[in-house]
1. Which number in (1) within 16 Å of ligand 1 (Cβ to nearest atom); (2) more than 20 Å from the chain's Cα centre (by Cα); (3) without any contact (Cβ under 8 Å) to a residue 60 or more places away in the chain marks the one condition that Asp381 misses?
2. Give me the pairs, please: first residue somewhere in region 394-407 and farther than 12 Å from Ile464 by Cα, second residue anywhere and part of a strand (DSSP E or B) and modelled with pLDDT of 95 or more, beta-carbon distance under 9 Å, and either six or more positions apart or on two chains.
3. Read through the list (1) under 20 Å from Ile31 (Cβ atoms); (2) modelled with pLDDT under 95; (3) assigned to a helix (DSSP H, G or I), then give the number of the only condition that Lys60 fails.
4. Need the failing condition index for Val121 against (1) under 23 Å from the mean Cα position of the chain (by Cα); (2) not in a strand (DSSP E or B), just the number.
5. Can you pull out every residue in region 583-594 that is at pLDDT below 95 and either of a type in the set (Lys, Arg) or in contact with a Ser or Thr (Cβ under 9 Å, 6 or more places away or on another chain) (or both)?
6. In region 314-333, what residues are surrounded by fewer than 20 Cβ atoms within 10 Å (Cβ to Cβ) and within 16 Å of ligand 2 (Cβ to nearest atom)?
7. Surrounded by 23 or more Cβ atoms within 10 Å (Cβ to Cβ) and either among the β-branched types (Val, Ile, Thr) or touching a Ser or Thr at 6+ places or on another chain (Cβ under 8 Å) (or both): does that describe Val413?
8. Do you know which residues across region 259-294 are in a loop (DSSP other than H, G, I, E, B), within 14 Å of ligand 1 (Cβ to nearest atom) and farther than 17 Å from Glu218 by Cα?
Amino acid sequence: MSFKKIVVFSVFISFLFSCKSEEYTTKIPQIIPIPNNQTIRDGYFALNSKVALSYDNTFKISAEFLKNYIEDHSNIELDNNNDIQFILDETIENTEGYTLEILPYQIKIRAKTDQGAFYAVQTLRQLLPEAFENGSLSEEKISIQCMTITDAPQFKYRGMHLDVGRHLFSVDFIKKYIDALAMLKMNTFHWHLTEDQGWRIEIKKYPKLQEVAAYRNETLIGHYSDQPHQFDKKRYGGFYTQEEVKEIVSYAQSRHVTVIPEIELPGHAQAAIAAYPNLSCTGEQVNVATKWGVFDPIYCSKDETFVFLEDVLDEVIALFPSEYIHIGGDEAPKTKWKTCQHCQNRIKTENLKNEHELQNYFITRIEKYLNSKGKQIIGWDEILEGGLAPNATVMSWRGTKGAVKAAKQKHNVVMTPTSHCYFDYYQSTNPDEPTAIGGFLPLEKVYDFNPIPLELNKEEAKYILGAQGNIWTEYMSTEDQVEYMAFPRILAMSEVVWSQSSNKNYSDFVKRVEYFNKRLDALDINYANHLYEISGELISENKTTSYTLSSTIKDKTIRYTLDNNEPTLTSEIYTKPISITKNTNIKAAVFDSEKRLGNIFSETINYHKAVGKKITINKTPHSSYSGSGPKGLINGISGSNTRYGDKEWLGFWGEDIEITIDLGEVTEINSFETRFYNSNGQWIYAPKELKIRHKTDIEAEYITFYEKIKTSNDLILNVKTNTIRKARYINIIVPNFGIIPDKKQGAGNKAWTFIDEIIVN
Ligand code: ACM
Ligand code: ZN
């Protein structure tokens with residue numbers, strides 16, 4: 001017999017008019033993230049009159065969440081005869097695991113912790129009608145299909161990030177965001193609070209952080225790559241008061257979400273330096289940044305900076321109960337350190353080799369301070385450069401190399417590689433998408449993410465705590481835009497971090513997303529809907545070329561035209577690949593029996609002489625920009641004129657590449673052309689010169705010529721030559737531009753090369 005206090009309460013709600021008695025029956029469970037095991041049983045549980053909820057104090061948060069959810073969102077009078085029980089079950093292995101049993105007269109939630117029970121409640125919530133979410137339920141009786149669900153997460157770190165430095169969002173919005181995380185069984189909110197463009201957390205000891213660092217004079221309009229830069233001439237800013245921070249942290253706690261604050265150092269500190277110029281190497285007065293990018297003024301390694309940072313961290317620690325404080329560490333140019341007397345002295349007195357080791361000194365010194373206060377640090381993967389601070393957890397964003405290196409050194413890792421976790425990238429190739437930073441990260445790619453890098457063995461893999469989706473807000477100035485970029489990719493991420501990979505199936509997932517969208521509507525969440533979009537691919541096999549169309553949702557009809565007209569309900573139904581023998585325009589869309597569902601897909605195929613021929617490249621494109629692979633360079637389809645992240649452009653980082661095309665037979669050639677992306681603000685540079693070689697016979701010597709490319713500020717640079725008259729083999733050497741020059745974005749780093757279709761006519 002337990003002596004723990006058992007709380008039993010009933011909820012009585014009378015209502016004035018309604019006497020309807022409709023019945024809502026949940027269908028096959030459509031839960032996101034998909035649970036480990038779900039077994040449907042006979043019968044229904046009736047949620048219709050006074051249901052008693054019983055729980056002991058272990059389950060206070062989860063039981064009260066459920067009580068409020070039902071009471072506040074429906075007119076259901078709960079039934080005395082039926083009850084919902086929260087049962088402590090020590091045999092459940094995972095502290096976040098649960099069993100949810102829905103029986104005809106009882107719902108039993110078993111867990112070892114309140115957190116586990118909370119996730120059972122989130123599952124139960126998804127078995128209730130969407131109308132619960134906004135209180136629009138008209139039914140008085142809800143029947144829930146009897147079933148048993150046993151469930152537990154795959155990873156213990158399941159996170160979402162939000163940058164409030166570039167743009168600021170209301171306290172209510174932050175709570176709505178946390179609500180969504182909790183609904184999807186995510187347990188960490190990474191709150192990116194300080195940036196070059198704004199300092200967003202009140203620090204009482206340093207009032208200028210509120211007066212100066214929290215505001216910028218104006219903001220860049222349009223995309224960074226649009227030249228010349230234009231500004232809105234409007235002061236922008238604000239910050240969260242410590243009272244608001246406490247309110248948000250407590251709100252998150254009541255949903256089992258941990259808030260990890262990020263205080264960026266030593267870089268991305270221009271706003272703080274604008275308020276207190278003595279924190280920088282030169283002491284020069286700078287402004288809070290008004291455009292995006294990486295900036296040279298960073299914190300100086302002199303003692304007074306550490307005094308400031310420790311004071312700031314003292315106030316931060318008092319506000320955030322989380323074990324971790326994120327200290328940034330990314331994108332800190334060493335330009336100013338190189339010529340600073342303080343920093344150079346520090347390098348000498350601490351016996352450091354260079355500025356990278358000085359960064360390690362900086363991070364380790366902050367780590368020691370935080371450790372002494374009982375906190376652990378997380379930092380972006382640059383904190384590996386110059387040696388890793390002894391207890392640091394690494395957030396791996398520049399691919400997975402940092403993760404592998406850290407895990408092999410027995411350091412914990414959170415995975416956020418740009419290739420799968422950057423939700424500020426485009427999610428569709430549709431030209432109508434709102435402006436985004438670049439890149440291309442469709443829903444399916446997020447869904448396919450495996451947080452464990454293949455290079456790790458089982459023992460090393462244990463250091464991968466989990467993964468996180470990142471929302472950088474340079475191009476998201478409104479809450480609606482943040483939601484649009486977060487949803488539905490956050491649904492995919494929830495399944496990546498929670499569900500067993502053996503239960504994951506993309507076509508099943510998108511059906512659940514289609515169903516889940518109704519819940520998002522009820523929650524007034526602005527999601528992107530690309531479920532009815534079409535993708536196409538040019539296939540060349542056995543000397544024939546055809547074009548295939550496919551849609552994400554499989555049980556609908558694709559209709560298409562080849563005459564440039566918009567497809568309608570009477571257009572040809574797509575049943576098999578379309579044969580391509582000449583230049584062709586395809587337009588297609590998804591239809592149900594009554595109407596078109598999604599946007600119109602449109603593709604222009606330029607059927608030139610290299611289409612479908614053999615191509616090899618001596619380097620693998622970067623995983624974020626691998627497009628359709630090498631064959632995408634001769635598939636008759638050119639990349640976007642405004643986005644290098646689509647599947648036609650191939651991106652390589654800092655490498656010379658060599659491309660060889662075999663036309664299959666000696667071919668008369670009139671022209672040879674290609675183009676390079678040249679968005680310097682995004683570190684992308686066209687090469688200065690191509691080396692082009694060609695021959696008619698495998699045994700022959702190549703004929704070589706060089707094609708200069710004029711440096712220019714144009715976003716795309718074309719190369720066209722008619723020097724080749726006849727060839728079978730064409731070999732193109734594309735040298736990387738080299739190191740990005742001083743005063744340019746990314747100065748000192750290697751440039752990217754992006755190449756588009758190679759057109760042979
Ligand atoms: C980052 O995206 N700079 C971590
Ligand atoms: Zn310095």
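The values are calculated or read from the model by the stated rules, or taken from the named source; none is laboratory data. Computed from a prediction, not measured in an experiment: that's the story for all the values here. Note that each Cβ is placed from the backbone with ideal geometry, even for glycine, and that neighbours are counted across all protein chains shown.
1. Going through the list (1) within 16 Å of ligand 1 (Cβ to nearest atom); (2) more than 20 Å from the chain's Cα centre (by Cα); (3) without any contact (Cβ under 8 Å) to a residue 60 or more places away in the chain, Asp381 breaks only (2).
2. Trp397/Trp380; Trp397/Met415; Trp397/Tyr422; Trp397/Asn470; Arg398/Trp380
3. So the condition that Lys60 fails would be (1).
4. Condition (1) is where Val121 drops out.
5. Within region 583-594, Asp592, Ser593 meet the criteria.
6. Of everything in region 314-333, just one residue is surrounded by fewer than 20 Cβ atoms within 10 Å (Cβ to Cβ) and within 16 Å of ligand 2 (Cβ to nearest atom), namely Pro333.
7. It is true that Val413 is surrounded by 23 or more Cβ atoms within 10 Å (Cβ to Cβ) and either among the β-branched types (Val, Ile, Thr) or touching a Ser or Thr at 6+ places or on another chain (Cβ under 8 Å) (or both).
8. Selection gives Pro266, Gly267, His268, Ala269, Val294.
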